[in-house]
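Here is the structure we will look at, set down as structure tokens.
The values are calculated or read from the model by the stated rules, or taken from the named source; none is laboratory data. Just so we're clear, the structure is a prediction, and the values are computed from it rather than from any experiment. Note that each Cβ is placed from the backbone with ideal geometry, even for glycine, and that neighbours are counted across all protein chains shown.
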Amino acid sequence: MNSLIKLSHEIRELEKEVALCSRCGMCQSVCPVFGQTLHEADVARGKLALLDGIIQEIFDNPKGAIKRLDRCLLCGSCMVSCPNSVPTMELFLKARIAITSVMGLPYFKKTLLKGFLAKPEAFDSLARYGAFFQKLFFRKPDQFHDASCAGLSSIMIPRALASRHVKNPADVPFHKTVLTKLEKVEKIEDKIDNRIKVAFFYGCLTDKIFPEIAESFLYILKRKNIEAVIPVGQGCCGIPALSSGDFETFLALMRLHLELFIDEEFDALVTPCATCTFTIKKLWPLFAENETALKAKVDRLAEKTMDASEFLVSYASIEPLEVNVPVQPGEVKPSPQKITYHDPCHLKKSLKVFKEPRMLLSNYADMEIVEMAGADECCGMGGSFTLSHQELSIEIGSKKAGNIVATGCETVATSCPACMLQIIDMLSRKNLKIKVKHPLEIYANHLKINADQ
């Protein structure tokens, strides 16, 4: 009973914001989950109504209440479209924290979040062993369009995951090679005291699955004569823990990174992950409001945090690259390759960054940008949402894949490693040989071609 009284108090603290919802239904037109299910409980106003009566719901059906709040991608679409500016994402996150503080975490999540995610070294070990077993349990990768992707064996893993096509982790994570990369940056260019300096927060997925993104960014910095600071011991930004209601782990990870970054001198903290950027810039300050000792430091770090494409456009003089495809006498010049761009939810909707990634993809004679329908519609990833709501994630992702295919593109680019994983999965299901790249990779590649010409 005491735990329910505590929960009642926590929920009442959200009542002022919940009351802003006029139940107008604008969120219905933009919610990717509602778009698939057409269930009122899945849309923002349905979840806000749930908060109004959550105590009674927990008495009657505690698992049902938690499940309804969990059926949300946290994409921010409802928040952006709300005429009353209801901070829906903030409310849902706070409600999850409140419920978790009373109900606790499931054993698996508790072990993963507190035992591994909260401790970067333990998380690195888990990822290393996970990569080993993944290669044992996956079907042969040559069954699918990309040799780096594989379908999970339905015999070895739960049926719910059996159809997923997951990119294999890198043989060597980025953080294992980072010192070598930094030495190369310093050796190629003489050190200049007044040059721009960035702190690089690479993020979990870039580190363990897409190190080529980080390597591309370092190459660009080298070419632009920008100094990089990459503190050792980085871990997760904390969004998986926060999304699960584990505020304790989220806070621990925030403190860890404040220790690593706050005493460094730099012009900007840059990350190639849309969700990491959003978390550090928006969620860290929001959830540090009651942490007096941390608040000033968090705000200072958040103020300097930028998406990698935003940083390059603002600081690095991104110029048109006249990269031409060589043509032999008598040959017909090939048509430009078509490329399309998917806007990550947290980058466009929450941070209003969408022009800058496209600038990195522009002005190449060998490429043409073709905008897809619904470029800023959610891909259906949503972190752990893709695991706990498998069918919904696939349905939403299939729509995104269809929009990509309709452009006739050879490559789809996006600024979020998690979106990249989802899109790779969706395209693999259709056996489509469409490349999935980060804008940093494409820009770095054209810098290299330009340097060779």
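Which of the residues belonging to the range 381-418 are in contact (Cβ under 8 Å) with a residue 24 or more places away in the chain and over 21 Å from Thr275 (Cα atoms)? Spell out how you get there, then give the answer.
Initial filter on the range 381-418 (in contact (Cβ under 8 Å) with a residue 24 or more places away in the chain): 381-390, 392-401, 403-418.
Of everything in the range 381-418, those that are in contact (Cβ under 8 Å) with a residue 24 or more places away in the chain and over 21 Å from Thr275 (Cα atoms) turn out to be Glu395, Ser398, Lys399, Asn403, Ile404, Val405, Ala406, Thr407, Gly408, Cys409, Glu410, Thr411.
Across the range 426-453, the number of residues qualifying as farther than 20 Å from Leu360 by Cα and modelled with pLDDT under 90 comes to 6. Does any residue of the range 364-376 turn out to be out of contact with any Lys or Arg (no Cβ under 7 Å at 6 or more places or on another chain) and part of a helix (DSSP H, G or I)? Taking every residue of the range 364-376 in turn, none turns out to be out of contact with any Lys or Arg (no Cβ under 7 Å at 6 or more places or on another chain) and part of a helix (DSSP H, G or I). For the range 348-357, check the following and say yes or no: at least one residue is touching a Pro at 6+ places or on another chain (Cβ under 6 Å) and not assigned by TED's automatic domain parsing to the domain that holds Phe278. Yes, the range 348-357 contains a residue that is touching a Pro at 6+ places or on another chain (Cβ under 6 Å) and not assigned by TED's automatic domain parsing to the domain that holds Phe278.
Looking only at the range 367-385, which residues are charged (D, E, K, R) and surrounded by 15 or more Cβ atoms within 10 Å (Cβ to Cβ)? Steps first, please.
Keep residues of the range 367-385 that are charged (D, E, K, R), which gives 368, 371, 376-377.
Once the filter is applied, which keeps residues that are charged (D, E, K, R) and surrounded by 15 or more Cβ atoms within 10 Å (Cβ to Cβ), the range 367-385 yields Glu368, Asp376, Glu377.
Here Ala122 fulfils each of the conditions (1) under 27 Å from Cys419 (Cβ atoms); (2) part of a helix (DSSP H, G or I); (3) modelled with pLDDT of 85 or more apart from (3).
Based on what the data block shows, is Lys94 of a type outside the set (S, T, N, Q), assigned by TED's automatic domain parsing to the domain that holds Ala49 and at pLDDT below 85? No; evaluated as a whole, the condition is false for this residue. Among the residues of the range 100-114 satisfying the criterion of being under 10 Å from Gly245 (Cα atoms) and touching a residue at least 60 places away in the same chain (Cβ under 8 Å), which is surrounded by the most Cβ atoms within 10 Å (Cβ to Cβ)? Only one residue tops the list, namely Thr100. Within the set Ala268, Ala293, Ala252, the sole residue that is closer than 23 Å to Ala127 by Cβ and not charged (D, E, K, R) turns out to be Ala252.
Within the range 213-267, the set of residues being assigned to a helix (DSSP H, G or I), farther than 21 Å from Glu310 by Cβ and among the small types (Gly, Ala, Ser) comprises Ala241, Ser243, Ala252. Tell me which of these Glu264 doesn't satisfy, since it passes every other one: (1) surrounded by 16 or more Cβ atoms within 10 Å (Cβ to Cβ); (2) touching a residue at least 40 places away in the same chain (Cβ under 8 Å); (3) assigned by TED's automatic domain parsing to the domain that holds Pro211. Of (1) surrounded by 16 or more Cβ atoms within 10 Å (Cβ to Cβ); (2) touching a residue at least 40 places away in the same chain (Cβ under 8 Å); (3) assigned by TED's automatic domain parsing to the domain that holds Pro211, only one is false for Glu264: (1).
Of the residues making up the range 269-296, just one is assigned to a helix (DSSP H, G or I), modelled with pLDDT under 95 and among the charged types (D, E, K, R), namely Lys295.
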